[in-house]
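What follows is a short report on a single structure.
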Amino acid sequence: MVISAPTGSGKTVLFELCILRLLSKFICEDGRFIHIKGTLKTIYIAPSKALVQEKLRDWNEKFGSWGINCLELTGDNEFYNIKNIQEADIILTTPEKFDAVTRYRIKDGGLSFFSDISLLLIDEVHLLNDPRGAALEAIVSRIKMLAHSPEMRSSPLAHVRFLAVSATIPNVEDLAEWLLVPVQGIKKFGEEMRPVKLTTKVFDILMQYSRGKSALVFCSTRKGAQEAAQRLSQIAMTFGHSNPFIKSNEQQERLREASLSCSDKQMQSYIIFGVGYHNGGLCLKDRNLIECLFLKGDIQILCTTNTLAHGINLPAHTVVIKSTQHFNKEKGLYMEYDRSTLLQMSGRAGRPPFDDTGMVIIMTRKETTTSMCDGALNCRDSSTDCLRYYKSNRMDEVLIFNPENYAVKKGTSSDRIERHMQEICVQKVNELTQHQMIWTDEDGFLLKSLDPGKLMTKYYLKFDTMKHIMQTPVNCTLEDALHIICRAEEIAWIQLRRNEKKLLNDINTDKDGRLRFHILGDKGKRKKRIQTREEKIFVLTNDCLTGDPSVHDLSLSQDMNSICSNGCRIARCMKEYFIYKKNYRGALNSTLLAKSFHQKLWDDSPYLLKQLPGIGMVTAKALHSMGINSFETLSKADPRRIEIVTGRKYPFGNHIKDSLLSLPPKVDMKVEEIECKRQEKSKLVVTLTRLTFEQSMQGG
């Protein structure tokens, strides 16, 4: 079957129905389910690792209790063998990985499982029109060819079923013909089947509020931004010469010329209607073109991801935040934007000197409107400003129409509602003042952000996390700093799962002496049982920073990625706070911790060379075995000996040594004390001399 249907219309359910139909073949006449591992395989192919991992978690939960074995084949999961593939019932993979596994591993059994393939599920099949589509085309062609070979006549592969789905397949009939799909297997659904017609709503909002001026539409994903631009340009096309995004013939001509210089084929068709999209996936030339057209006003509507909210100065009269959720790759699920991101997006509306006024429209669910109100307090100069912020975001209207969401009884007068808003402002201001985040005058009317408050805003930390940092002891050790990060609100979503405890207990026992720090019990001995989320994070971190973690479980690895990215940010904030408090020891330890989180290595790890380009874990271990575990020893090593030990060919050794050039230069520091007789104080003169590469290596 080939299905073309809008996003959110239930295409995933079709995959699951096909899997269930296949599994029904294991049901005996007496109704028992007798499953034989790996004999009827389903191959699920998706364009991204994040999508594969999301489906893996979902299907493990749904089918795992039946004994159905799901296997991930992506670049993130290298811990599998041919036996794992042969015993898997559902293989979830990306086109490139599956192509590589089945193309280059024929000799060691890479194609031995092909005869068991009964179902091929292709998600986002429009990838065929992408440069990456060649890998997907090769996979399908390979399966089709083998399915029709005489040797496979009696195998499940001879009757393999294809199911390809996408929200955007313009030539669905051609695709069906290529997949040998009969006419009755072609299903095409239009926008009328979309459960939530967001994009049309966006168009109506733009017509109502943008007043013919520029607008930014923030979408949660790159694909979402592209689809929004596509839909808006399609609607604009229906207006013909009355396109609301085109103001003059000169503008139309400039857009036609610009579209010819755009290398993105899809973007070319949107630009001529005054619509564009912007994300990190565009090449530099196209990004610069779109930014220039938007700043000049030739492109009136720009659909983008939240990355545009930071750094790039592309203000607009109207900002539409299409959803307050975004897809978190590390966790594999949709999460709410934090307040700072929403404020950054909103800040693009009506920025001087481009506009006198601005408009922000946030499209969200009812249950999330409450938490959005608290963001007002981070950027105001007085209590009156806080109240004005609420009103400018139409919070007074929200309170009137949905009073129960804000602890206000229905039917409360508008005066009482305004007093309630004032009470919320005063409460939040008092909390910030109490914890020295802001300064207020005696009347609590004037507000001024203090250094801790500025740091909390700069690093987008949660209030409780900043309070933990400010309560750190003066003699903060490296271990103390690590414990603070383990208690941070930013990673409070990480849970201690029952099936993880044994592994974590074994890691903390640390019979090989790998870890730098351990969770200790009451008597100072290493705890044999990990019992809390904070202890799990502490043990995971220490395992990861050895440079050779023993944790390879998918969910734990994702937890660790999040811990490292958030931990680095929190540690950098700690460093600046300790500098502000003139706490040298705390600043030094938090700096070391930030660097360790960034590189996922302690400073004394035997695998420090992993930081260099071209050196992975296998190479780092091989170099360590020959006594090369530092930049200095690597600089003195013989390139040919490196090649022998690592089993690599010439000129690999030269490339590895050349990678040392990517290191920042070393400096020689001299400190001299000079007496100052007049003031009866001493002055320290610090002289820094930059060393050449040869000098730095000789100096050790």
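Pull up the range 7-18, narrow it to residues that are under 25 Å from Lys144 (Cβ atoms) and among the aliphatic types (A, V, I, L, M), then point me to the one that is surrounded by the most Cβ atoms within 10 Å (Cβ to Cβ). Among those that are under 25 Å from Lys144 (Cβ atoms) and among the aliphatic types (A, V, I, L, M), it is Leu14. When the range 39-62 is filtered for residues that are over 16 Å from Thr93 (Cα atoms) and not β-branched (Val, Ile, Thr), the ones remaining, listed by number, are Leu40, Glu61, Lys62. Scanning the range 19-38 for residues that are loosely packed, with under 10 Cβ neighbours inside 10 Å and among the basic types (Lys, Arg) yields a single hit, Arg32. Scanning the range 657-674 for residues that are modelled with pLDDT under 85 and exposed (fewer than 10 other Cβ atoms within 10 Å of the Cβ) yields Leu661, Pro664, Glu673, Ile674. Across the range 475-506, the number of residues qualifying as at pLDDT below 90, of a type in the set (A, V, I, L, M) and in contact with a helix residue (DSSP H, G or I) (Cβ under 7 Å, 6 or more places away or on another chain) comes to 3.
Within the range 429-442, identify whether any single residue is modelled with pLDDT under 85, within 40 Å of the chain's Cα centre (by Cα), surrounded by 14 or more Cβ atoms within 10 Å (Cβ to Cβ) and in a helix (DSSP H, G or I), and answer yes or no. The answer is yes; a qualifying residue exists.
The set of residues in the range 13-34 being in contact (Cβ under 8 Å) with a residue 40 or more places away in the chain and either in contact with an Asp or Glu (Cβ under 6 Å, 6 or more places away or on another chain) or not hydrophobic (A, V, I, L, M, F, W, C) (or both) consists of Glu16 alone. As a summary of the residue check, Asn561 satisfies the conditions (1) crowded, with 20+ Cβ neighbours inside 10 Å; (2) part of a helix (DSSP H, G or I) except for the one numbered (1).
Can you find, within the range 127-142, the residue that is modelled with the lowest pLDDT among those that are out of contact with any Asp or Glu (no Cβ under 7 Å at 6 or more places or on another chain) and crowded, with 19+ Cβ neighbours inside 10 Å? Looking at residues that are out of contact with any Asp or Glu (no Cβ under 7 Å at 6 or more places or on another chain) and crowded, with 19+ Cβ neighbours inside 10 Å, I get Leu127. Looking across Lys536, Lys525, one residue alone is under 21 Å from Asn561 (Cβ atoms) and among the charged types (D, E, K, R). It is Lys536.
Here is a yes/no grid of residues against (1) more than 17 Å from Ile484 (Cβ to Cβ); (2) surrounded by fewer than 21 Cβ atoms within 10 Å (Cβ to Cβ); (3) of a type in the set (Phe, Trp, Tyr); (4) not assigned by TED's automatic domain parsing to the domain that holds Phe517:
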site: Glu576; (1), (2), (3), (4): no, yes, no, no
site: Lys581; (1), (2), (3), (4): no, yes, no, no
site: Leu588; (1), (2), (3), (4): no, yes, no, no
site: Leu593; (1), (2), (3), (4): no, no, no, no
site: Pro613; (1), (2), (3), (4): yes, yes, no, yes
site: Gly616; (1), (2), (3), (4): yes, yes, no, yes
site: Ala620; (1), (2), (3), (4): yes, no, no, yes
site: Leu623; (1), (2), (3), (4): yes, no, no, yes
site: Met626; (1), (2), (3), (4): yes, yes, no, yes
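Cys544 fulfils the conditions (1) under 29 Å from the mean Cα position of the chain (by Cα); (2) surrounded by fewer than 16 Cβ atoms within 10 Å (Cβ to Cβ); (3) within 30 Å of Leu623 (Cβ to Cβ) except for a single criterion, (2).
Suppose the filter is of a type in the set (Lys, Arg) and within 23 Å of Leu342 (Cα to Cα); does Lys501 pass it? When the stated conditions are applied, Lys501 does not pass them. Tallying residues that are in contact (Cβ under 8 Å) with a residue 40 or more places away in the chain and closer than 20 Å to Leu661 by Cα within the range 574-600 yields 0.
Taking the range 40-84 as the search range and keeping residues that are in contact with a Gly (Cβ under 8 Å, 6 or more places away or on another chain) and modelled with pLDDT under 90, which one is surrounded by the most Cβ atoms within 10 Å (Cβ to Cβ)? Among them, the one singled out is Gln53.
Taken over the range 653-665, the criterion of being over 14 Å from Thr633 (Cα atoms) and either in contact (Cβ under 8 Å) with a residue 24 or more places away in the chain or hydroxyl-bearing (Ser, Thr, Tyr) (or both) is satisfied by His655, Leu661, Ser662, Leu663, Pro665.
Residue count for the range 522-557 under the criterion of being hydroxyl-bearing (Ser, Thr, Tyr), in a helix (DSSP H, G or I) and at pLDDT 90 or above: the result is 1.
For the range 498-509, check the following and say yes or no: at least one residue is within 19 Å of Ser590 (Cα to Cα) and buried (at least 19 other Cβ atoms within 10 Å of the Cβ).
Within the range 498-509, none of the residues are within 19 Å of Ser590 (Cα to Cα) and buried (at least 19 other Cβ atoms within 10 Å of the Cβ).
The values are calculated or read from the model by the stated rules, or taken from the named source; none is laboratory data. If you're wondering where the values come from, they're calculated on a predicted model, not measured in any experiment. Backbone-built Cβ (ideal geometry, glycine too); neighbour counts: all protein chains shown.
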